[in-house]
Every structure is written in C-alpha cells, then in structure tokens.
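Participant: Okay, here's the structure, questions in a sec.
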Amino acid sequence: MNMRAPMHAGEAVAEALHAEGVERVYSVPGSHIHPIYDGLSRVGSIRFVTCKQEPNVSLMADAYGRLTGKPGVCLVTAGPGGLNSMAGVAQAYGAASPMLHIGGAVPLAADKEAFHGVDDPAFVHAMFGKITKWSARIERIQDIPDVMARAFHIARSGRPGPVHVELPRVSDYSEFLLQEAPAVLPAYRPLPSVCARPDPAFVARFAAAAMAARAPVIAAGKGIIRKRGMAELGALAVKLQAPVVVAQDAIGVIPESHPFCAGHFQQYRSHPLCIEALARADLILGIGLRAGTAELAALRSIAPERRLLLVGFDDEADAANGNEDECIADPKLFLAALLERLGADQRPRDEALLDRIAATRVALGSSLVAQARPHRNDQPIHPGVLMAAMNEVLAHDAIVASDVGNCQMWARTWRRIASPESFMQSGVWNAMSYALPTAMVAKMEFPRRDVVALAGDGAFLMTIGDLPTAVEYGANVLCIVMNNGCFGQTTMQQQAIYGHVYGTLFQSPDFAAMARACGAEGIRVTDPGEVEDALRDGLAATKRSPALVEVMVKDHPYPKL
C-alpha cells in the first residue's frame, strides 16, 4: 500500500488545483498566502500570473471563466486583499462566470484589530457570502480536499458562478495555515459538475407552441453563451423562422450577420429591430435568461401582453416567478433536445421578414455613418470617427473588451459582432477597470487573435498598474484610450439632469508616454485623419509588445438608432 506523505495546507491547496486541471492562477502576493505560493511553486503545469493591482486578479479570473468555460482561479491575501478584489467576484456572479476565489484569512480566534483584521475574524467570509454561490472558511487542515472539491463542483454546476474559500493563518505572523505540523490528508477526488437536464414534457410543449405561433421571437440570454449553445440557437432561429433578440449582456450570442439577428433589449435604448420584432410577436421563447432579473423585467416591459415560455438559467426554480410556462434547464441541452424534437418540422421561409430585417440593418448602418459624417474633421475627435476606424482595421475574429462608460455605449452601437468575444463587457455589475485585465487574459488564451482593450481615460487610470504586467507576460494587447479629461458618462448625466457638472472633471495624463515608460508602444492621436493609421500602427506594434493608442476625443450625444 502506498502511504501518502504528510503535507502542509499550502501543498494541499496546490494539489487540489493540479488535480482540477487548473492552468493559470492570478494573484497579488501577501504574507497570509505564502504557504500556497510555496505549494504552487512545485506544480509545473500551473502558470502563475503576478498582478500589480488586487482588483484585477478577480477581474482576470472572471475573464478566464467567460472565455474558457472553466473556473478562473485567483488568490489574494487576507483582509485588504479580499476586499480589494470583491468587485470582480460580484461581477462574475452577475455574469454567471465560474470562479474560485481563494483567500488567506486572519486566525480562527484572532484578537480584535488583528493584522489584516477588524473585530470578527470571519468578516471577509461573511461578506463574500452575499456575492458568491458559496463561501467557505476552512477550520481544519483535513477538510481542505473536500472543501476544494465542493468549491469547484459548485462553481461549475448549474448556473456557473464564483465561490470563495479562505484559509486562516495559525497566528498573526505565523508562516503556517491552519496548523504548524504537516498532516496526512485524504487523496483529492474531484466532484463532477451537474446540470439541469430538460424535461421531455416541457420540450414537447415548447416545440408545439413554437410551431403553432404566428410570429414567434426567441429571446436569448447569456446562459447560451456560458453553456456554448450558440450554434444550436442559430439553427433553431432558421427552423422557426424566428427573429432572435438578445439580452444586453448576451450581445454576440448570435452573429450580427445571421439573417434572424434582431438586436438587443434593455430597459433603455433597446435596438430598433428588437422593438419591432417584439411588437409583431405573439409568442416569446426565452432561453438562457433567469427568472426575477432586471433583464427579464425589461423584456416584459417591451412586450407585456405576449406569452412567454421561459427556459430559465439557474440552479433551481424561483418560486416567486415559477409557473407552468417556466422550467430550469441547461440551455445547450435544451436547445439540442428541442431541435431533436422538432426533427424535420420547419416553418416556411419568411422572405418578407428576412428582407425587412436586412433592410433595417442596412439603414441603421447608413444612419450611423451619416450622423458621424459632419464631424469627420472635428478636433477633439468625434467618437464615431474612432468607432468607424475600428471596424475598418479590426479582423472579424478580433476580441474587443470594452470598459464601462461612454466607450461602451459607442462600441455597443458601432461594433460589428461576430461572436461573444467581438464585444466583451462587464455586464450588469458594470465594474470599471474591466477592459485591460480582460484583454490580457484573452491574449494569453488566444495569442494569435488581435485583442483590444477599449477604455475611457477615467476607467483606464483605475487599471493601468497592470500594463507592466501585460508587458512582462507578453500579453500584447492593443489598448485604445478615449481621452477627454473627465468621467464622460457621469459628466453627461450631470449636465442633462442639473445643467452643470461637479466633481467629474480631472487632469488626464499623457497615456502614450506612460505606455512607453511601461515598455509598451505609445501613440497619441489628435488629428481625426490619422486615427485609422494609428490603429494599424498599434496593431502592428503588438507583434512585439503591448501597444496603446490614445485618442483625444470630445463628448457627443450617443448615436441614434
């Protein structure tokens, strides 16, 4: 019989990560997690990314979960490390992105005002309980294998999401977690993830209703993206001859070039094609949406009288919203089962509908160009000039991670969408500083694709500390910074509401010079005629290093659709 060697807590955590096939860990070091660093130092299969800003570790783990479908893993120290990384964890919860957030912690019986503590030793654990699927504070070294296995299981199962696990230090300044002496622990055994399989009876009802409807519309949510059901969605749209409207945070679930792509819906500024499709609909087939959410409320507000059949994306049914027209199921499995149930059934080709969608799409594109044309020589540069140049320069498979604010609103309107990666945004949580860490992860995972981090100057200042990290790890992204010397979206809101602005203007630095100081290429553009060439030069520079193109812009009202 082979006896397992005794191990310390840090080695047990490293063993769990190795057994789960973890490929990367994003972290900022701290004394409370030294033992885990020591354990990971002997696991050659795990690539370690040392960040410089604690908020970015969870943002990067969220991006990894979205891009790969596997849990992103981040590691932070006790107290400030955990709290500084909360935004990315909450964002992953809203985005249904699988994540394992591992933290050091103050001792189990810590005194008040312990190092990295306050009064309650478990205060970080309690705070994460509200923004994760599960928060665990390990109290015995022998529990590490089971807790870690359960954490991965929960993060991957059902509606994916973040899980928090923390390991207390022996004492305030001890080099050990949980206990000083190593222990023989049970062998690590991963737990399989589980998903809600579709109820055949509901599939049959869904199929019958879809075929009987006069004008069905499919409302697609991010659950289809997370479960990789995009191909099945496109096939269903053709079979049902049904327009597909998408939740704002599911843009890209169906390519813009798909003949039945009908834009996104949200509480404000829904796409005109979406509004038109829902006005004509007599049945809405919701797939990959979650009951009780703001996105579902927005959908119902646009088409309040329409019958809605909902395939909910959740771990369990919401009793407050459940009824016979709703079920919980894995979106990809449901789509596959529905297509199988429909078999050879096919609605007649709706030429009039296809022509109307195509014509409206062309008209909207022409309208955007026409709105920007009078401003093509403006200085500072009109945002539409930049957006048009991005569409000209970027390949169809380029990945664009947009930060929060005006840049997001402009890009959402202008960007050509071929996939969920064509336009990545933070989602309902709307955490600023999203673009750079997300783009870095995307470039590490897809090194052959062009990757862009699009941000305003305010958002980029929140995250620029990890531009040296991009240089260090060869994450050669193109950063596009829209510099207008203010928090643009809040400035516009204040002006519209109060007629003046306060506290939203600031002195912006020379971002191009800062990029060069970090070892990246830096280009500043003030002439609108030079924007496209600057973007091409920036992309060319990413063959060698990260690059930053700073575009001096001026706020304008958002384009009208």
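Participant: Can you give me the orientation-averaged projected area of the convex hull built on the Cα atoms of the stretch 174-273, in nm²?
Facilitator: Details: hull surface 50.7 nm².
The directionally averaged projection comes out at 12.7 nm².
Participant: Which part of the stretch 477-492 falls in the paramagnetic zone of Y268, meaning amide N under 19 Å from the point 7 Å along Cα-to-beta-carbon?
Facilitator: Within reach of a label on Y268: 487-492.
Participant: Assuming R0 = 30 Å, what is the FRET efficiency of A517 and F115, from their Cβ-Cβ distance, to the nearest 0.05? Don't jump to the answer; show the numbers that get you there.
Facilitator: On the way: r = 34 Å, r/R0 = 1.14.
Efficiency, rounded to the nearest 0.05: 0.30.
Participant: Determine the alpha carbon to alpha carbon distance for each of K52/K443; K332/K560; K112/K133; K443/K554 and list only those over 26 Å.
Facilitator: K332/K560; K112/K133; K443/K554
Participant: A follow-up question, please. So if each residue of separation counts as 0.36 nm, and I subtract the Cα-Cα distance between R205 and E530, what length gain in nm does that give? If you can, show how the numbers build up before the last one.
Facilitator: On the way: separation 325, 0.36 × 325 = 117.00 nm, distance 5.70 nm.
Additional length available on full extension: 111.3 nm.
Participant: Here's another thing I want to ask about it. Using R₀ = 45 Å, calculate the FRET efficiency as 1/(1 + (r/R₀)^6) where r is the Cβ-Cβ separation of R42 and A395; round to 0.05. Don't jump to the answer; show the numbers that get you there.
Facilitator: Working: r = 40 Å, r/R0 = 0.90.
So, using R0 = 45 Å, E works out to roughly 0.65.
Participant: Okay, next question. As an exercise, take the mean of 1/r over every pair of distinct alpha carbons in the stretch 414-489, invert it, and state the Kirkwood radius in angstroms.
Facilitator: Working: mean 1/r = 0.0769 Å⁻¹.
Result for the stretch 414-489, one decimal place: 13.0 Å.
Participant: Calculate how large, on average over all directions, the projected area of the Cα convex hull of the stretch 249-324 is; give the answer in nm² to one decimal. Intermediate results must be reported in sequence, preceding the final value.
Facilitator: Working: hull surface 21.7 nm².
Averaged projected hull area, Cα only: 5.4 nm².
Participant: Full extension from D315 to A212: what is 0.36 nm times the residue separation minus their Cα-Cα distance, to one decimal in nm? Please list the in-between numbers first.
Facilitator: Numbers: separation 103, 0.36 × 103 = 37.08 nm, distance 3.00 nm.
Length gained between D315 and A212: 34.1 nm.
Participant: What whole-number distance in Å separates the alpha-carbon centres of the stretch 222-250 and the stretch 197-220?
Facilitator: So the two Cα centres are separated by 14 Å.
Participant: Sticking with this structure for a sec: Along its three principal axes, how long is the stretch 1-111 when you only count alpha carbons? Whole Å, largest extent first please.
Facilitator: 46, 40, 22
Participant: Per residue and in cubic angstrom, what volume does the convex hull of the Cα atoms of the chain have? Mind showing how you got there, number by number?
Facilitator: Values: hull volume 94.8 nm³, N = 561.
Enclosed volume per residue, from the Cα hull, is 169 Å³.
Participant: Turning to a different aspect of this structure: Over what distance in Å are the Cα centres of the stretch 6-44 and the stretch 360-404 separated?
Facilitator: After rounding, the separation between the Cα centres reads 45 Å.
Participant: Select from L561, M432, M409 the residue farthest towards the positive end of the dipole of the chain; place +1 on Cβ of Lys and Arg, -1 on Cβ of Asp and Glu, and compute about the Cα centre.
Facilitator: Ranked along the dipole, the leading option is L561.
Participant: Same structure again: Taking every pair of alpha-carbon atoms in the stretch 108-168, what share in percent sits in each 5 Å bin, from 0 to the bin with the longest distance?
Facilitator: 4, 18, 24, 22, 16, 10, 4, 1
Participant: Taking the mean number of other Cβ atoms within 10 Å as a proxy for protection, how do you rank 504-514, 333-343, 116-126, 152-162 from highest to lowest? Intermediate results must be reported in sequence, preceding the final value.
Facilitator: Values: 504-514: 15.2, 333-343: 19.1, 116-126: 17.2, 152-162: 24.1.
By packing density, highest mean first, the sequence is 152-162, 333-343, 116-126, 504-514.
Participant: Now a separate question. Work out the P(r) tail for the stretch 459-561: percent of alpha carbon pairs separated by more than 25 Å, whole number. Could the numbers behind the result be given before it?
Facilitator: Values: 1510 of 5253 pairs.
Percentage above 25 Å: 29.
Participant: Output ³J(HN,Hα) for the stretch 166-174: one whole-Hz value per residue in order, computed from phi by the Karplus curve 6.51 cos²θ - 1.76 cosθ + 1.60 with θ = phi - 60°, and x for Gly and Pro.
Facilitator: Rounded to whole hertz, the list is 10, 10, x, 6, 5, 8, 3, 10, 6.
Participant: Between A235 and S193, what FRET efficiency comes out of the Förster formula 1/(1 + (r/R0)^6) with R0 = 25 Å and r the beta carbon distance, rounded to 0.05? List each step's numbers first, then the result.
Facilitator: Details: r = 25 Å, r/R0 = 1.01.
Efficiency for this residue pair is about 0.50.
Participant: Ordered by residue, what ³J(HN,Hα) values in Hz, to whole numbers, does the stretch 387-400 give under the Karplus form 6.51 cos²θ - 1.76 cosθ + 1.60, where θ = phi - 60° and Gly and Pro are x?
Facilitator: 5, 5, 5, 4, 5, 5, 8, 7, 5, 4, 9, 5, 9, 10
Participant: Could I ask something else about it? Using just the helices of the chain, give the 222 nm mean residue ellipticity in deg cm²/dmol: DSSP H runs with n ≥ 4 each add -39,500 (n - 2.57), and the total is spread over all residues, rounded to 500.
Facilitator: Working: 22 runs with 219 residues, N = 561.
Value at 222 nm, helices only: -11500 deg cm²/dmol.
Participant: Over the chain, what is the mean sequence separation of C-alpha contacts under 8 Å (at least six apart), divided by residue count, expressed as relative contact order in percent?
Facilitator: The normalised contact order for the chain reaches 12 percent.
Participant: Okay, moving on. Could you give the semi-axes, largest first, of the ellipsoid that matches the stretch 61-203, computed as the square roots of 5 times the alpha carbon gyration tensor eigenvalues and rounded to whole Å?
Facilitator: Working: eigenvalues 174, 66, 28 Å².
Semi-axis lengths for the stretch 61-203 are 30, 18, 12 Å.
Read-outs: derived from the displayed coordinates by stated rules, not from any lab. As the structure is a computational prediction, the values presented were derived from the model and not from experiment. Glycine also receives a Cβ, built like all others from the backbone with ideal geometry; neighbour counts cover every protein chain displayed.
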